[in-house]
Amino acid sequence: MKKIALLPSGSVSHEAIRYLLGDQPVELVHYKLISDVFMSTVEGKSDYSVIPIENTIEGSVSLHMDWLVNEVDMPMQVEWVYPSIQNLIGNASEFRGSEGAMDFSKITKIWSHQVATAQCRQFLAKAAPQAELEQVGSTSEGVKIVKENPGKGWAAIGTSLGAEKHGLDLLAERITDHDNNYTRFVLIGREPIAIDRSPEHVKTSILVTLPEDVPGALHQVLSAFAWRRLNLTRIESRPTKKKLGNYYFYIDVMAAADSVLLTAAMGEIEALGCQVRTLGSYPSYAYESEKMGVK
């Protein structure tokens, strides 16, 4: 049975991998820190790691992207999209007003991951502006802290799965500021993994480092894709960490790495003096709300 490393039980990562794999038999290995999730697969303790790398509201998860590029050499094997549905979680009995309704003015502190907190700024500013915001390594860790500290007026932002696992209440549901709050996850590992459904398409992720002091180099790189009509779904610059002003470009291409057009494009880019590294060529799965019973 394959082992899959991910963030703690009840996190969005946990919900997301359950959605992707359905009833496929796997062993989930939970870690508190994303660095431990990465290293679990690198060190052979697990076969795959679940890594969130992009959110529709907050953009790239830069820390995770930098780990993929600079810290580990492990190819992406699958990508999928899953909604980040955040809720306000706590002991309802602590926050009931005189007439039984929720009184969020009684909340003294709210625990969550910084990305989840950022996704709920408007709700927090309106519902609990007095609450102190505390950052933790994952949403599920915040829920666990609240569970272990009853009577303090603490709440957490997290998933319904996290609330269920820790026996807490959903004080307010779906509190993210935008309805289209989706996260892009990738599964990294040494070998491909079989998924029991058809992908939407195949995608390849590459890194391109431009030669120094070559005017118009980025334009030439993009032209190599453009005239071949290769669809780029993402292009993002990140510092190489070697020299101020020196960047690499992370590019997602809607094509398989061994396709004739993409192979030719990468050859042309290398001929320009660019360094090209393939991070993975993998099936991509869109979110299907009916699969989770969401209307």
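The values are calculated or read from the model by the stated rules, or taken from the named source; none is laboratory data. As the structure is a prediction and not an experimental result, all values here were calculated from the model. Positions of Cβ are backbone-derived with ideal geometry, glycine not excepted, and every protein chain shown enters the neighbour counts. All accessible areas refer to the heavy atoms of the entire protein, side chains included, with ligands and DNA or RNA removed. Shrake-Rupley method; radii C 1.70, N 1.55, O 1.52, S 1.80 Å.
Some notes on this structure:
- Hull-based mean projected area of region 35-126, where the convex hull spans the alpha carbons, in square nanometres: 8.3 nm²
- Taking label points 7 Å from Cα along the Cα-to-Cβ direction, Val72 and Thr278 give a separation of 2.0 nm.
- Gaussian network model of the chain, springs between alpha carbon atoms under 10 Å - residue of Glu71, Glu270, Glu99 with greatest fluctuation: Glu99
- Accessible area per residue, Å², region 199-290 with all protein chains present, probe 1.4 Å: 54 Å²
- Residue-by-residue Karplus 3J(HN,Hα) for region 191-201, coefficients 6.51, -1.76, 1.60, Hz, glycine and proline x: 10, x, 10, 7, 10, 7, 6, 7, x, 6, 6
- Taking Cβ atoms as reference points and 10 Å as the exclusive limit, the residues near Thr41 contribute a net charge of +1, counting Lys and Arg as +1 and Asp and Glu as -1.
- Quotient of Cα Rg and 2.2 N^0.38 Å for region 210-295, N being how many residues it contains: 1.35
- Environment charge at Pro52 (Cβ cut-off 13 Å; Lys +1, Arg +1, Asp -1, Glu -1): -3
- Length added when fully stretched, Asp258-Arg96, from 0.36 nm per residue minus Cα-Cα: 52.3 nm
- Solvent exposure of region 87-172 as accessible area per residue, Å², 1.4 Å probe: 46 Å²
- Relative contact order for region 199-290, counting Cα pairs under 8 Å that sit 6 or more residues apart, in percent: 48 percent
- In the chain, the DSSP beta bridges split such that about 75 percent are antiparallel, to the nearest 5.
- DSSP bridge analysis restricted to region 87-172 gives an antiparallel fraction near 50%, rounded to the nearest 5.
- Hull shadow area, averaged, region 87-172 [alpha-carbon convex hull, nm²]: 4.8 nm²
- Cut-off 15 Å between beta-carbons: net charge of the residues surrounding Val146, Lys and Arg +1, Asp and Glu -1: -1
- Accessible surface ranking for Leu170, Leu230, 1.4 angstrom probe, highest first: Leu170, Leu230.
- As a length-normalised measure over Cα pairs under 8 Å and 6 or more apart, the relative contact order of the chain settles at 22 percent.
- Taken over the Cα atoms of the chain, the convex hull encloses 152 Å³ per residue.
- Of the DSSP H helices in the chain, those whose Cα atoms cover at least 15 Å axially and whose Kyte score averages 0.5 or more: 260-271
- Inter-centroid distance (Cα atoms) of region 157-203 relative to region 230-275, Å: 28 Å
- Taking every Cα-Cα distance in region 114-220 and sorting them into 5 Å bins from zero, the calculated P(r) comes out as 2, 8, 14, 16, 11, 9, 11, 10, 8, 5, 3, 2, 0 percent.
- Counting protein heavy atoms only, region 87-172 has 47 percent of its accessible area on carbon and sulfur, 1.4 angstrom probe.
- Between Ser198 and Gln114, residue separation times 0.36 nm minus the direct Cα-Cα distance comes to 26.9 nm.
- Residue-span extension gain [Glu134 to Tyr247] - 0.36 nm each, minus C-alpha spacing: 37.4 nm
- Amide H contacts under 5 Å for Val26, placed H, 5+ residues apart: none
- Accessible surface of region 205-295, 1.4 Å probe, proportion on carbon and sulfur as whole %: 56 percent
- With a Förster radius of 41 Å applied to the C-beta separation of Lys106 and Glu288, the computed FRET efficiency comes to 0.55.
- Hydrodynamic radius of region 140-295 per Kirkwood, over alpha carbon pairs, in Å: 19.5 Å
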